[in-house]
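Enquirer: Structure incoming, see below.
Only the coordinates and a few stated rules stand behind these numbers; no lab work does. Computed from a predicted structure; not experimentally measured. Positions of Cβ are backbone-derived with ideal geometry, glycine not excepted, and every protein chain shown enters the neighbour counts.
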């Protein structure tokens, strides 16, 4: 069994059709913020190899923007989580 067939079987439902992987709102936000931070870090890595004065402007401007937006979106997604279950009170724990 090859890794490709394992992956293909993993994404199929019990009826044999490809199932859609549904992500919650916070998972989509966290994934997108991780992509933004990673893109910013990759741009910064490319700027280290590019020894020109313009590289510093790209580093600060573009890469800094991607990292800052990624961090802000990450923090916003953690703060804006809607709790679907009520918080257990001391009366419910008895």
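Enquirer: Can you tell me the length gained on complete extension of the stretch residue 76 to residue 41, counting 0.36 nm per residue apart and subtracting the Cα distance?
Expert: 10.6 nm
Enquirer: Here is a follow-up. Using a simple spin-label model with points 7 Å from Cα along the Cα→Cβ vector, what separation in nm is obtained for residue 30 and residue 52?
Expert: Label at residue 30, label at residue 52, 4.0 nm between them.
Enquirer: Which FRET efficiency value, to the nearest 0.05, do you get for residue 22 and residue 68 by plugging their Cβ-Cβ distance into 1/(1 + (r/R0)^6) with R0 = 22 Å?
Expert: Given R0 = 22 Å and the Cβ-Cβ separation, E is 0.15.
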